[in-house]
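J.: One structure follows; several queries about it will come next.
The values are calculated or read from the model by the stated rules, or taken from the named source; none is laboratory data. All of these numbers come straight from a predicted model, not from anything done at the bench. Cβ placement follows ideal geometry from the backbone for every residue including glycine, while neighbour counts extend to all protein chains displayed. Just the protein is used for accessible areas: all its heavy atoms, side chains included, with ligands, DNA and RNA removed. Shrake-Rupley method; radii C 1.70, N 1.55, O 1.52, S 1.80 Å.
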Amino acid sequence: MCGIVGYVGFRSAVEFLVPGLKRMEYRGYDSAGVATLTGWGDFSLAKTVGRIDRLQERVIQESVTGTIGIGHTRWATHGPPTESNAHPHIGGNNLVLLAHNGVIENYQFWKERLASEGFDFQSATDTEVIAHLIARQWHRRADIDTSVDPHARALAAVQSAIAKLRGTYGLVVMFTELPDLIIVARLGSPIVIGVGDGEHFVASDPSPLVGHASKIVYLSDHQIALVTAENLRILHRDYGAIEPSVSALEIDSNDVELSGYPHYMLKEIFEQPESLENAMRGRLCEDNATAVFGGLNLSPQQLRHINRIILTACGTSFHAGLVAEYLIEEFARIPVEVEYASELRYRNPPVNQGTLLFAISQSGETADTLAALREMKRKGHPTLGICNVVGSTLAQEADGGVFLHAGPEIGVASTKAYTSQCITLSMLALYFGRLHHIGYDSGRRIIDAMHQLPDAVRTALKTNDEARRIAGKYCHAENLLYLGRQYNYPTALEGALKLKEISYIHAEGYPAAEMKHGPIALVDASTPSVFIMPQGSVYDKVMSNLEEIKARGGPVIAVVAEGDKRVRNLADDVIYIPHVDDFLQPIVSIVPLQLLAYHIAVLRGCDVDKPRNLAKSVTVE
Ligand code: G6P
């Protein structure tokens, strides 16, 4: 949700800033801007409504130059997407330039106060308050001696301004009187710094750094960085100066380029066999017939005493939690609840000792998921995170966790991260199962089945042509139902979510049998139903539900296991997927539904990777 960038070094800053914003466009894409410093007291500013391509044109028109600069791509929270609301914002009398990711909750108070002190507001944003507040504090700290440290006054201004804010921020700040410095601050919104040779790069996530820097520093909450071309100083609010912890950048250009695909979403759907292999690599131990995890930070003895598990997440990650509910209960016989993080954070459920919280989040930055995690930590429960982004807030704050290793997911609609979450949770279910009820032989069988999964997904990807054909038939529908039972009920929810996110068609996922209690009223010749019904214990029951839809004239698309002959005569369209064990079905059966949603969206002319109103990483409540 909003992406910020910064550059200080020896090349033209916009050469990094604009492509960097383009790589982070998934975080927000309603307006954008860049600012550069061009000498003492001088700066250039270019802002546009709309996408980064338009910003690029504006940057050329306005000849934005300079070797130090900041930029922003916006997902509007306060004020509509207009040029005046776009970042960077100016504070004081052209003293401060600033871009912000996050939300300032007490901005109204400070806006009124600063306005009464004579500060002139140009926008409806919460961000402009920070820019003016920093300028105000700068003027109040004229006493600071800058003979030894020329940046001391700027640092003090930023420190005292952010101490007055309530909310979340990732900030990049420049002072026109200090044309060699970017100050970066973080509380609740991610920021990374790329370390180059005589240059530094700042971004909300590592993807813009690819091709520019091979070393990366993940900033943590309450840290401030003073960044110049040659130096990187980091200070913590409570501990003062700290040594930057520099690690290697682990992604490469193939992870962030389209590599010949028309959209990131399609590329990521096709990457799933590899992303599943990466999630499982080194984690399945045949000798002990269990899964192994390096970062749980809880001993098997401690985990054996867990008698209840709460899974919390938002969006697609919530659906992965629903899959895990079935799995963990079946394998480990531990009661599991899956809660929307936005609900859990404000609920006060009675939670016994022995309860473990899993927070599931691709980005590791979703505000509600983090808030739910913090609430459970406050109550003294152990917390584990499952996320894809190394260095994310979730990874930093959970007591332990598991990374998905799916590689960057850029399409706003989550695909490969979802299947990686499902397999990671399946491995955790195996691990918990082996601590309790699952014997050695069953453990081995589960591992064998998991090893076959990437190939099964490879085969499922061959449904692409069929999905495209079916998409052509139904792309003008106004409503679709997605129906499945047991392990495939979450698949129905996720299939419906995929379709509505990117094609703007109304779609509802339902437990197949439950559709009799309401949704069946929607069924007519123009409302297709997608049945997810690979073989399994409830196959016959779902078949009856399918017949009920057909009896009312509703078209049926059935996703079934290879070799299924019964469904052929009933369904209007059939998609065959490989047969796998029940517990792995969600990972295989979602593949044709991802493809169906993708092709329908393309045929309707939708912007698949950047659907309207959405953002990939929702860092506001
Ligand atoms: C947004 C995205 C969804 C995602 C959800 C949770 O709504 O558009 O695709 O599933 O956030 O994100 P997380 O990063 O926590 O998994």
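J.: Being more than 17 Å from His72 (Cβ to Cβ) and of a type in the set (Gly, Ala, Ser) is the filter here, so list the residues in region 189-216 that pass it.
T.: Gly194, Gly196, Gly198, Gly211, Ala213, Ser214
J.: Also, I was wondering about something else. Please report, ordered by residue number, the helices (runs of 4 or more DSSP H) entirely within region 297-382 with at least 1 residues that are within 20 Å of Leu430 (Cβ to Cβ) and within 16 Å of the ligand (Cβ to nearest atom).
T.: 315-332
J.: Name the single residue that is least open to solvent (accessible area, probe 1.4 Å) among those in region 212-242 being closer than 20 Å to Ala395 by Cβ and in a loop (DSSP other than H, G, I, E, B).
T.: Leu219
J.: Please list, ordered by residue number, the strands (runs of 3 or more DSSP E) wholly in region 1-115 having 2 or more residues that are closer than 20 Å to Ala615 by Cα.
T.: Filter on region 1-115 gives 3-8, 31-39, 42-49, 68-74, 96-101.
J.: Working carefully through the options Asp524, Asp564, Asp540, find the one that is outside any loop (DSSP other than H, G, I, E, B) and more than 24 Å from the chain's Cα centre (by Cα).
T.: Asp540
J.: Next question. Return the only residue of Asn348, Asn352 being over 17 Å from Leu384 (Cβ atoms), out of contact with any strand residue (DSSP E or B) (no Cβ under 8 Å at 6 or more places or on another chain) and open to solvent by 10 Å² or more (accessible area, probe 1.4 Å).
T.: Only one candidate qualifies: Asn348.
J.: Here's something else I'd like to know. Is there any pair with a first residue in region 119-137 that is over 17 Å from Gly102 (Cβ atoms) and a second that is open to solvent by 10 Å² or more (accessible area, probe 1.4 Å) and β-branched (Val, Ile, Thr) whose Cβ atoms are under 8 Å apart and which are 6 or more apart or on different chains, and what are they?
T.: Short answer, once both residue conditions are applied: Gln122/Ile90.
J.: Oh, and also: With respect to the numbered conditions (1) over 21 Å from Ile130 (Cα atoms); (2) surrounded by fewer than 24 Cβ atoms within 10 Å (Cβ to Cβ); (3) not β-branched (Val, Ile, Thr), which one is the sole condition not fulfilled by Leu209?
T.: Leu209 satisfies every listed condition except (2).
J.: Yes or no: region 497-504 includes at least one residue that is part of a strand (DSSP E or B), within 29 Å of the chain's Cα centre (by Cα) and acidic (Asp, Glu).
T.: no
J.: For Gly167, work out the one condition from (1) buried (at least 21 other Cβ atoms within 10 Å of the Cβ); (2) touching a Phe, Trp or Tyr at 6+ places or on another chain (Cβ under 8 Å) it doesn't fulfil.
T.: The one condition Gly167 does not meet is (1).
J.: Counting just the residues of region 305-340 that are of a type in the set (Phe, Trp, Tyr) and without any contact (Cβ under 8 Å) to a residue 60 or more places away in the chain, which one comes out least open to solvent (accessible area, probe 1.4 Å)?
T.: My answer is Phe318.
J.: On to the next question. Within region 608-619, does at least one residue satisfy the condition of being more than 16 Å from the ligand (Cβ to nearest atom) and out of contact with any helix residue (DSSP H, G or I) (no Cβ under 7 Å at 6 or more places or on another chain)?
T.: Taking every residue of region 608-619 in turn, none turns out to be more than 16 Å from the ligand (Cβ to nearest atom) and out of contact with any helix residue (DSSP H, G or I) (no Cβ under 7 Å at 6 or more places or on another chain).
J.: Pairs under 8 Å by beta carbon, first residue away from the ligand (no atom under 11 Å from the Cβ) in region 384-396, partner open to solvent by 10 Å² or more (accessible area, probe 1.4 Å) and among the β-branched types (Val, Ile, Thr), six or more apart or different chains?
T.: Ala395/Val389
J.: Mind listing just one residue for me: the one in region 261-275 that is in a helix (DSSP H, G or I) and aromatic (Phe, Trp, Tyr) and, of those, surrounded by the most Cβ atoms within 10 Å (Cβ to Cβ)?
T.: Tyr264
J.: Please work out which residue is least open to solvent (accessible area, probe 1.4 Å), limiting yourself to region 276-290 and to residues that are among the polar types (S, T, N, Q) and not in a helix (DSSP H, G or I).
T.: Thr290
J.: Can you tell me which of Ile438, Ile447 is among the aliphatic types (A, V, I, L, M) and touching a strand residue (DSSP E or B) at 6+ places or on another chain (Cβ under 6 Å)?
T.: Step by step, each of Ile438, Ile447 is checked, and only Ile447 is among the aliphatic types (A, V, I, L, M) and touching a strand residue (DSSP E or B) at 6+ places or on another chain (Cβ under 6 Å).
Results for (1) on the phi < 0 side of the Ramachandran plot; (2) open to solvent by less than 30 Å² (accessible area, probe 1.4 Å); (3) not hydroxyl-bearing (Ser, Thr, Tyr), shown as yes or no for each residue.
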{"site": "Thr527", "(1), (2), (3)": "yes, yes, no"}
{"site": "Ile532", "(1), (2), (3)": "yes, yes, yes"}
{"site": "Lys541", "(1), (2), (3)": "yes, no, yes"}
{"site": "Arg552", "(1), (2), (3)": "yes, no, yes"}
{"site": "Val556", "(1), (2), (3)": "yes, yes, yes"}
{"site": "Arg568", "(1), (2), (3)": "yes, no, yes"}
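J.: Residues that are open to solvent by 50 Å² or more (accessible area, probe 1.4 Å) and touching a residue at least 60 places away in the same chain (Cβ under 8 Å): does region 490-512 have at least one?
T.: yes
J.: Given the criterion more than 16 Å from the ligand (Cβ to nearest atom), over 20 Å from Ser503 (Cα atoms) and either open to solvent by less than 10 Å² (accessible area, probe 1.4 Å) or outside any loop (DSSP other than H, G, I, E, B) (or both), identify the matching residue among Val602, Val588.
T.: Val588
J.: Could you look through region 406-426, keep only residues that are more than 9 Å from the ligand (Cβ to nearest atom) and in a helix (DSSP H, G or I), and pick out the one that is farthest from Ser363 (Cα to Cα)?
T.: Ser426
J.: Identify the single condition in (1) outside any loop (DSSP other than H, G, I, E, B); (2) closer than 27 Å to Thr355 by Cβ; (3) of a type outside the set (A, V, I, L, M) that Phe293 does not satisfy, given that it satisfies every other one.
T.: Every listed condition holds for Phe293 apart from (1).
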